[in-house]
Amino acid sequence: MTKSGTTIGIIGAGQLARMLIEAAIPLDLDLRLLAASSDDGAARIWPATEIGSPDDPDAVARFAETCDVVTFDHELVPEPVLVRLEAGAARLAPSASTLRIAQNKQRQRELFAQHELPQPRHRVVRTAVGAQLAAETIGYPVAVKAAYGGYDGRGVWICLSEAGLMAVVAGLEQRAIPIIVEAKVDMDREIAVMVARDDAGRTTVYPAVETVQIEGICRQISFDVEHGNEEAANLARCAADVVGLTGVMAIELFESGSELLINEIATRPHNSGHHTIEAVATSQFEQHLRAILNLAPGSIEPRTRAAVTVNVLGGSDGMDPRERLALLESGDVHVHLYGKAARHGRKLGHVTVFGADVDECAERAWRAVETLTNEQRPEQLR
Ligand SMILES: Nc1ncnc2c1ncn2[C@@H]1O[C@H](COP(=O)(O)OP(=O)(O)OP(=O)(O)O)[C@@H](O)[C@H]1O
Ligand SMILES: [Mg+2]
């Protein structure tokens with residue numbers, strides 16, 4: 001069957017691409033993937049997949065020639081690839097300039113400072129000695145971050161003392177990666193807001209959620225209709241404007257007393273928005289597609305009072321959670337598995353439970369995850 005309209009290309013074929021496909025099907029969008037391997041989660045389910053490295057400028061440029069709009073499954077797009085994409089005819093959503101900010105924590109910090117958006121006290125340095133001085137000025141404990149290249153907490157270290165700091169920053173100095181030294185925020189909780197924006201600046205801001213990270217990996221997301229947060233919504237809107245967003249973006253925030261500080265942004269669908277598939281009238285994935293095509297934004301009315309999403313991380317026995325689906329006692333758990341090979345600690349999927357009360361949703365979601373992975377609910381989340 002021939003397709004009409006706009007061809008969307010997605011670079012990368014992980015779980016975000018896979019969930020974008022799910023959202024594209026009812027709209028019958030013409031979608032193509034560039035996957036590193038035919039084993040990638042999204043490549044496994046989508047016939048219009050081309051195999052080629054998302055890091056190879058030639059492969060990406062050839063792929064983009066077949067698309068009208070190009071979007072991304074991750075923001076770590078190498079500069080040579082961005083340069084080639086900018087020179088091509090396909091429209092990039094988000095734009096190359098937005099991606100250059102999103103993939104670099106130093107550029108994020110500089111841009112937010114320029115617009116006087118609240119963030120942790122920080123210094124950007126290039127040497128171990130510089131980091132040592134910065135940490136002394138800011139005061140221990142500090143959070144040390146690689147300006148780029150990290151994800152899931154890799155590239156972030158909490159340093160309690162100079163000894164700990166020096167162990168971390170020597171490697172960064174050697175690799176010539178700028179080092180961000182920032183105050184370790186004594187926070188009450190972490191929250192995240194998803195925001196969508198199209199080229200015309202039409203913006204929708206999803207209700208805030210609370211996220212819990214353990215060892216830098218997001219484990220649980222809680223949505224409670226009662227916990228609206230207007231200030232977080234305003235910050236999300238401002239951040240989307242200043243980065244010139246097209247598509248959806250997550251903004252991660254630290255809440256400390258009455259203060260909200262920006263941790264970072266990710267200019268793509270994000271783990272902290274997975275609950276929107278069930279809990280909100282329009283999922284973050286559909287909203288991303290709508291925004292990049294400049295279609296009218298979908299409603300973001302909540303469909304439930306509360307929802308909890310828990311990530312399914314590979315268990316220590318290496319068992320594939322698919323093997324345990326039959327053990328789930330309740331069908332009221334929405335399971336999303338990403339088609340990835342099981343490995344200890346790897347994000348293999350998530351489950352979402354919705355209902356009237358967050359605690360009760362969390363209880364049911366964790367029971368399901370314990371069954372799927374044979375791992376216990378962490379102490380700090382009980
Ligand atoms: N200044 C800080 N003070 C206290 N904790 C922090 C600070 N910066 C980061 N953290 C903790 O480390 C986690 C990971 O940090 P960050 O989000 O910057 O890393 P990342 O690897 O880019 O994450 P992601 O998985 O979202 O890509 C945060 O969610 C938070 O729990
Ligand atoms: Mg983060």
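Ordered from highest to lowest accessible area with the whole protein assembly present and a 1.4 Å probe, Thr6, Thr352 read as Thr6, Thr352. Determine the gain in length on full extension of the stretch Glu360-Arg44; use 0.36 nm per residue of separation and subtract their C-alpha separation, reporting nm with one decimal. Net length gain for the segment: 110.3 nm. Only protein heavy atoms count here; under a 1.4 Å probe, Ile177 has an accessible surface of about 10 Å².
The trypsin sites (Lys or Arg not before Pro) found in the range 162-223 that occupy coil by DSSP, while having at most 14 further C-beta atoms within 10 Å, are Arg175, Arg202. Considering only Ser299, Ser95, Ser283, the mean-square fluctuation computed in a Gaussian network model of the chain, springs between alpha carbons under 10 angstrom, is largest for Ser299.
Treating each Cα of the range 104-182 as an identical point scatterer and summing with the Debye formula, the log10 of I(q)/I(0) at q = 0.14, 0.24 Å⁻¹ comes to -0.40, -1.14. 3J(HN,Hα) along the range 126-134: 10, 10, 4, 5, x, 5, 4, 5, 4 Hz, from the Karplus curve 6.51 cos²θ - 1.76 cosθ + 1.60 with θ = phi - 60°, whole Hz, x for Gly and Pro. Counting only DSSP H runs of at least 4 residues, each contributing -39500 (n - 2.57), and dividing by the residue count of the chain, the helix-based mean residue ellipticity at 222 nm comes to -9000 deg cm²/dmol. Alpha-carbon geometry of the range 313-354: the Rg and the Dmax are 10.4, 29 Å, given in that order. Averaged per residue, the chain has 44 square angstrom of accessible surface, using a 1.4 angstrom probe with ligands and nucleic acids left out. Asn104 sits among other residues whose Cβ lies under 12 Å from its own Cβ, and their net charge, with Lys and Arg +1 and Asp and Glu -1, is +1. By the Stokes-Einstein formula, at 1.567 mPa s and 4 °C, the range 5-85 with its Kirkwood radius over alpha-carbon pairs has D equal to 105 µm²/s.
Taking 12 Å as the cut-off, the amide N atoms of the range 170-185 that come nearer than this to a point 7 Å along the Cα-to-beta-carbon line of Gln132 belong to 170. Tell me, how many Å apart are the Cα centres for the range 6-47 and for the range 149-197? So the two Cα centres are separated by 32 Å. In the range 292-380, one over the average inverse separation of all distinct C-alpha pairs is 14.1 Å, which is the Kirkwood hydrodynamic radius. The calculated pair-distance distribution of the chain uses every alpha carbon pair, bins of 20 angstrom beginning at 0, and gives 28, 60, 12, 0 percent.
In the chain the longest region clear of GluC sites (Glu not before Pro) that are loop-assigned by DSSP and have at most 13 other C-beta atoms within 10 Å covers 227-328.
The values are calculated or read from the model by the stated rules, or taken from the named source; none is laboratory data. All of these numbers come straight from a predicted model, not from anything done at the bench. For neighbour counting, all protein chains shown are included, and Cβ atoms are generated from backbone atoms with ideal geometry for every residue, glycine included. The protein model used for the area step is the full one, side chains on, heavy atoms only, and it has no ligands, DNA or RNA in it. Shrake-Rupley method; radii C 1.70, N 1.55, O 1.52, S 1.80 Å.
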